[in-house]
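Heads up: the structure comes next, in structure tokens.
The values are calculated or read from the model by the stated rules, or taken from the named source; none is laboratory data. Computed from a prediction, not measured in an experiment: that's the story for all the values here. Reconstructed Cβ throughout: ideal geometry from the backbone, glycine too, with neighbour counts over all protein chains shown. Note: accessible area is taken over every heavy atom of the protein model, side chains too, but ligands, DNA and RNA are not part of it. Shrake-Rupley method; radii C 1.70, N 1.55, O 1.52, S 1.80 Å.
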Amino acid sequence: MTSILVTGGAGYIGSHTAKALAESGYRPVVLDNLFRGHRSAVRYGPFVEADIRDSEAVRQTIRDHKIEAIVHFAALAYVGESVEQPGLYFSNNVEGFRTVLQMAAEEGVGKVVFSSSCTTYGNPDRVPIDESCPQSAVSPYGDTKLIGEGLLRWFEDAYGIRSVALRYFNAAGADPDGELGEDHDPETHLIPNAILAAMGRKPTLSLFGADYPTRDGTNERDYVHVADLASAHVASLQYLHDGGSSTAMNLGSETGSTVREVIAMVEAVSGQTVPVVEGPRRPGDAVALYASANMARSVLGWHPKHSDLKTICETAWQWHSGR
Ligand SMILES: NC(=O)c1ccc[n+]([C@@H]2O[C@H](COP(=O)([O-])OP(=O)(O)OC[C@H]3O[C@@H](n4cnc5c(N)ncnc54)[C@H](O)[C@@H]3O)[C@@H](O)[C@H]2O)c1
């Protein structure tokens with residue numbers, strides 16, 4: 001059985017991807033320091049508790065498990081926190097990824113799939129965002145992802161490591177079987193926060209800006225189901241296995257949903273009211289961000305199956321309801 005190192009596999013997208021890998025016949029070996037992840041989400045293969053900046057732990061894991069490819073999720077991922085603590089983000093995300101790549105090079109692992117982000121496009125001047133849009137991050141977090149894509153290019157030049165960088169839009173939803181879900185602390189994402197407010201586990205949901213030039217005044221984002229992200233990682237490994245050359249591409253639903261549409265959908269699937277407090281716009285928030293996923297369709301044969309807003313909210317609601 002082919003062993004895949006899944007860094008950050010105790011986290012939200014990593015745990016769903018470990019499940020998809022196991023279902024596709026791979027052996028996912030999760031390495032995570034549990035800073036933001038959960039031991040209980042590691043259910044589909046071996047677990048190594050370690051930090052990606054610990055080069056010897058990464059090396060030993062590659063050796064012990066005869067790792068053939070790496071799927072790299074481990075990162076800190078809050079834009080606001082990255083503005084307050086840029087050093088933490090560059091240490092964790094950039095130095096961490098450099099260490100993983102260095103160990104891959106020294107141990108002869110030649111295939112990497114990397115969690116990049118739509119934040120590498122900053123505030124683009126057109127939507128849908130395709131891969132020809134200029135990349136220019138507007139936060140330390142976004143910059144760490146942009147540098148990650150750069151590291152991949154240099155490590156390919158030097159050591160021949162081939163890679164797929166996947167630029168996710170907003171990951172959302174939960175495992176359709178109900179085994180896994182989104183459990184961040186602190187939670188900054190709209191859909192879980194709307195659900196928690198509907199359940200009374202948070203007093204209110206804050207809405208930042210109701211005067212945007214959109215159909216209902218709130219800003220638009222592209223929500224893509226976490227199970228569809230997971231399947232794209234499996235497809236990326238197959239692409240690299242088949243000899244595909246290094247590439248980077250968007251993963252999104254190609255639909256912009258407004259904040260009010262998300263709230264209405266959470267209310268519809270739950271039968272509960274979401275108590276909303278409207279506030280001013282947040283500095284730096286773009287009006288509308290959504291993807292073109294043409295490239296993922298044509299290169300990976302990726303066809304999202306769960307990324308309509310109703311399925312996203314239903315699966316997320318079911319998972320939160322079972323906790
Ligand atoms: N959630 C999204 O909408 C989204 C969008 C674009 C990109 N991404 C990227 O996808 C990846 C996964 O995101 P997520 O939402 O699942 O986040 P998450 O916080 O749930 O998962 C990240 C995991 O990485 C682990 N980790 C962090 N630093 C580590 C370190 N130094 N050593 C070992 N483990 C470490 C955490 O403990 C956690 O389990 C991240 O790289 C993130 O930047 C996420």
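For Lys145, the lysines whose Cα falls under 29 Å of its own Cα, not counting residues fewer than eight places away in the same chain, are Lys19, Lys66, Lys111, Lys305. A 1.4 Å probe run over the protein chains yields, for the range 1-113, 39 Å² of accessible area per residue, whole-number rounding. Checking every one of the trypsin sites (Lys or Arg not before Pro) in the range 189-294 against DSSP loop status and a limit of 14 other Cβ atoms within 10 Å picks out Arg201, Arg215, Arg281. Each principal axis of the Cα cloud of the range 166-211 was taken in turn, and the coordinate range along them, longest first, works out to 33, 29, 18 Å.
Among beta bridges from DSSP that stay inside the range 184-323, the antiparallel ones total about 25%.
Counting Lys and Arg as +1 and Asp and Glu as -1 over every other residue whose Cβ lies under 12 Å from the Cβ of Gly87, the net charge comes to -3. The calculated pair-distance distribution of the range 99-249 uses every alpha carbon pair, bins of 5 angstrom beginning at 0, and gives 2, 8, 13, 16, 18, 16, 12, 7, 4, 3, 1 percent. Using 20 Å as the cut-off for backbone N distance, which residues of the range 247-265 belong to the label zone defined by a point 7 Å from the Cα of Val83 along Cα→Cβ? Hits in the range 247-265 for Val83 at 20 Å: 259. Along its three principal directions, the equivalent ellipsoid of the range 1-157 from the Cα gyration tensor extends over semi-axes of 26, 16, 16 Å, largest first. Only beta bridges with both residues in the chain are counted; by DSSP, about 5 percent of them are antiparallel. Residue ranking by accessible heavy-atom surface, 1.4 Å probe, largest first, among Lys19, Lys305 comes out as Lys305, Lys19.
Output needed for the range 1-77: three equivalent-ellipsoid semi-axes, defined as square roots of 5 times the C-alpha gyration tensor eigenvalues, in descending order, whole Å.
For the range 1-77, the semi-axes come out at 16, 16, 9 Å.
Diffusion coefficient (Stokes-Einstein, Kirkwood radius over C-alpha pairs, 37 °C, 0.692 mPa s) for the range 194-323: 200 µm²/s, rounded to a whole number. Between Asp285 and Asp125, the simple spin-label model (points 7 angstrom out along Cα→Cβ) gives 2.5 nm. Surface composition of the chain: carbon plus sulfur atoms hold 49% of the accessible area, using a 1.4 angstrom probe and ignoring ligands, DNA and RNA. With the convex hull constructed from alpha-carbon coordinates only, the chain shows a mean projected area of 15.0 nm² over all directions. Across all directions, the average projected area of the convex hull around the alpha carbons of the range 88-179 is 7.9 nm². Mind giving me the FRET efficiency for Gln238 and Thr204? R0 is 56 Å, r the Cβ-Cβ distance, nearest 0.05 is fine. So the FRET efficiency works out to roughly 0.80. Return one number: the angle in degrees, 0 to 90 and rounded to the nearest 10, between the long axis of the Cα atoms of helix 12-23 and the longest principal axis of the Cα atoms of the chain. Rounded to the nearest ten degrees, it is 60.
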